[in-house]
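Everything on this sheet refers to the single structure shown next.
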Amino acid sequence: MRLSEIAQTLTLKVRSAAGHLDTDVLGGYASDLMSDVMANAEEGYLWVTLQTHANIVAVAAMKELAGIILINGREPEKETAEKAEEKNIPILVSRLPAFELIGRLYDLGIPGLRADAEES
Amino acid sequence: MIAANKNLQFTKIQELVYELKVAEVMTKNLITVAPDTRMSELRGILRDNRISGTPVVDGDRMVGIVSVEDFITWLIRGGVDCPVGQVMSRKVRTLFADEPLVHAVSKLEEHGYGRLPVLDRSKNTLLGLITKGDIIEGLLQELQIDYHEEEIHRYRASHFFEDMIADKITINFHYHIHGKKIEQGGEVASDLKRSLKRLGIHPDIVRRAAIATYEAEMNVIIYAEEGRVDVNVEPDVILIEVRDRGQGIADVARAVEPGYSTAPDWVRELGFGAGMGLQNIKNCARDFDITSTVGRGTTLKISIPTGTKEKRCA
Ligand SMILES: Nc1ncnc2c1ncn2[C@@H]1O[C@H](COP(=O)(O)OP(=O)(O)OP(=O)(O)O)[C@@H](O)[C@H]1O
Ligand SMILES: [Mg+2]
């Protein structure tokens, strides 16, 4: 599913790189720890987090993520939005808390890392 | 060009059917029935598992095979319920697991069978089942791996190094980390990433180097304030050295353990201090070495091969 469709369906507000929503979202990862995202998120994934400081852009760029969604109505810091614009990393914001937002992403068919491996 | 390629692929497949062993492509998770399984149950077993036949096993010995064709014949003859053992084909052709794929191809072809049971040569026990579908899948997978290796080769032998003539080629990138706010961290890793890409190194390898550098850079910013990053790129390997004159690490082995962190609260609030950084670096590297003296500083050295098969971090 394209990031633009996701943004529209879930009425997310775009805060940076509005011209880069035409990418395919391959999956999702949720975490507020930088090195956890570094270790586990995959290229083309959407990252759900509450962190708003500029380092999220560095992490997303390094991992070539599709974009970042900030939860709970949080807004990116000014420096974050600027850096994201420069690095073409879309930052979107949602009013929903993480659980609700991720549930809806899941409903849209955005898989997590191991969608096929339920706890066994 | 296309024709030449096609021929190449053909010889490649010919090679593969001799190289690959039956055991490598067969289906191992076997559905089997016993000789005393009722014919009335068989239909459900075949349907639920979406299979067109199954070996009949008594203890660990295979005594026959029963297929949809046997089932239909049984139906036509009246379909009176009886044990599978009375309907199954007893004369079963089999393969040994260590036979080359080409034997499977010719046996399936010769007798028009849809499937052949695969046995262990020494113990004569049933190991699996092989179908034409398994063979095609196995070959395609192998071809894809081949294709991948070719791709890596293409990247490694990329334009840049190929055009240089010297007994030894090393390209050095030097970066200085100084007085950065934690929020600004990642610039060195980002610059390095762009540079390595320009050299034509495989994107997955580049990402690996970038992840390791990022984590090391963040550690310098958080625990040492100032440091230097030296990256030497050789045709086959990327060597990364990150050196600082910070507080040093008292127990390096412990610091590398996942979850160990001395990050202060304000750093943790920004999402650092999970104690995963050094582990991430280690997972991305082939050689990994840290030397540190408390009060003097820390030096991290890692290597990342550019042609490795596992291009991603572990
Ligand atoms: N360059 C360094 N100088 C001094 N201490 C260091 C340095 N690098 C790491 N350490 C020590 O090793 C610990 C573990 O480092 P590591 O990068 O694995 O985790 P972290 O930085 O605490 O958290 P994370 O990287 O997950 O955000 C650190 O908490 C710190 O005590
Ligand atoms: Mg760290």
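A few remarks follow.
- q = 0.15 Å⁻¹, the stretch B:2-138: log10 I(q)/I(0) [Debye, one scatterer per Cα]: -0.74
- Pairs beyond 21 Å (Cα-Cα), from A:78/B:180; A:83/B:282; B:181/B:282; A:87/B:282: A:83/B:282; B:181/B:282; A:87/B:282
- Computed accessible area, residue A:78, all protein chains, 1.4 angstrom probe, square angstrom: 150 Å²
- Accessible area of the stretch B:183-258 belonging to carbon and sulfur atoms, whole % at 1.4 Å probe: 40 percent
- Contact order normalised by residue count of the stretch A:3-112, Cα under 8 Å, 6+ apart, percent: 31 percent
- Area buried, chain A against chain B - accessible surface, total, 1.4 angstrom probe, square angstrom: 1800 Å²
- Protein-protein interface of the stretch B:187-225, residues with accessible area decrease of at least 20 Å², isolated chain reference, 1.4 Å probe: B:190, B:193, B:207, B:211, B:214, B:215
- Calculated on C-alpha atoms, the gyration radius of chain A divided by its Kirkwood radius gives an Rg/Rh of 0.93.
- Carbon-plus-sulfur accessible fraction, the stretch A:3-112 (probe radius 1.4 Å, protein heavy atoms only): 50%.
- Charge tally around residue B:120: other residues with Cβ under 15 Å, Lys/Arg +1 each, Asp/Glu -1 each, net +1.
- For the protein assembly as shown, the solvent-accessible area of protein heavy atoms averages 54 Å² per residue (probe radius 1.4 Å; ligands and nucleic acids excluded).
- Database note for chain B: Cys without another Cys beta carbon under 4.7 angstrom, B:82.
- Computed from Cα atoms, the angle from the helix B:2-19 axis to the main principal axis of chain B rounds to 70 degrees.
- Mean residue ellipticity (222 nm) of the protein assembly as shown, computed from DSSP H runs ≥ 4 via -39,500 (n - 2.57), nearest 500: -12000 deg cm²/dmol
- Angle in degrees between helix B:39-48 and the longest Cα principal axis of chain B, rounded to the nearest 10: 30 degrees
- Residue B:174 contributes about 90 Å² of solvent-accessible surface, heavy atoms of the protein only, 1.4 Å probe.
- Solvent-accessible area of residue B:111, all protein chains in place: 60 Å² (probe radius 1.4 Å, heavy atoms, ligands and nucleic acids excluded).
- Angle between chain B longest axis and helix B:132-156 axis [Cα atoms, degrees, rounded to 10]: 20 degrees
- Local electrostatic count at residue B:76 - Lys and Arg +1, Asp and Glu -1, tallied over other residues with Cβ under 13 Å: -1
- Cut-off 14 Å between beta-carbons: net charge of the residues surrounding residue B:275, Lys and Arg +1, Asp and Glu -1: -1
- Cα-based shape type of chain B, given that a ≥ b ≥ c are square roots of the gyration tensor eigenvalues and the cut on a/c is 1.5: prolate
- The accessible-area loss of the stretch A:32-72 on complex formation, taken against its chain alone with a 1.4 Å probe, reaches 40 Å² or more at A:33, A:34, A:35, A:38, A:43, A:53, A:55, A:62, A:64.
- Taking amide H atoms as placed 1.01 Å from N in the peptide plane, the amide H of residue B:96 lies under 5 Å from those of B:119, each 5 or more residues away in sequence or on another chain.
- Counting only residues at least eight positions apart within a chain, or on another chain, the lysines with an alpha carbon under 25 Å from that of residue B:28 are B:91, B:107, B:123, B:132.
- List B:211, B:145, ordered by accessible area with a 1.4 Å probe, largest first: B:145, B:211
- To put it simply, the accessible area of the stretch B:2-138 at a 1.4 Å probe is 52 percent carbon and sulfur.
The values are calculated or read from the model by the stated rules, or taken from the named source; none is laboratory data. Given the structure is predicted, the values throughout are model-derived calculations rather than measurements. Counting neighbours? That spans all protein chains shown, and the Cβs are built from the backbone with ideal geometry, glycine included. Accessible surface areas use protein heavy atoms only, side chains included; no ligands, DNA or RNA. Shrake-Rupley method; radii C 1.70, N 1.55, O 1.52, S 1.80 Å.
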